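To keep things clear, I will list the structure first and then write my remarks on it.
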Amino acid sequence: MLLNLLTSTSVQESTSAGAGGKGGNFPWFWVVLGVLLVFIIISNAMNNKKRRAQMEAEREKRNAIKPGFKVTTIGGILGTVVEVDDEANSFVLQTGTEENPCFLKFDKVAIYNSEDPNAPAQEPENEHSDDLFEQTSEAAEDMSEAEETVDGAEKEPADAEEVKED
């Protein structure tokens, strides 16, 4: 359909060019169309690389699941992994309490987030976040003191200014 539209446009332009019309713009249409096509192909290739890398990272994370891991499923169920079946690509999740446990079997694709209890605790990325909190709280205290000073100061009535101007 697009080809029919383009060919009909080229026929119309060639006839209008022959009749004294302006036929010099048509090659620019193909150039712009080609540039847009190349841009779309390159952007799709870049997105596919990112998507492939992300899928590989998720696959590695799923395959690293072992008994003892804390897992959140895509449905929001929290629990501890008790058994992993790599052949069936599934795992058994224990939820509930110690006295009354509940075991649920999930496909590994259902993992939203996992946490290794044996992994060292991650440090905050920003070391200065505590300093920023302290600076913000100090600034808030300073502002509240300034507001108290302004509220406690004597204010002249508005009429007094008019009297001074006369």
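So here's what we get for this one:
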| quantity | calculated |
| --- | --- |
| Estimated FRET transfer efficiency (residue 51, residue 29; beta-carbon r; R0 30 Å; 0.05) | 0.40 |
| Distance in nm between pseudo-label sites at residue 118 and residue 39 (7 Å out along the Cβ direction from Cα) | 5.2 |
| Using alpha carbons only: equivalent-ellipsoid semi-axes of the range 60-106, gyration tensor based, whole Å | 18, 11, 9 |
| Inter-probe distance in nm under a simple model that places probes 7 Å from Cα toward Cβ, at residue 109 and residue 95 | 2.0 |
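Any read-out appearing in this document is the output of simple, stated calculations on the displayed coordinates, not a laboratory observation. If you're wondering where the values come from, they're calculated on a predicted model, not measured in any experiment. Neighbour counts are summed over all protein chains in view; Cβ atoms, including those assigned to glycine, are modelled from backbone coordinates with ideal geometry.
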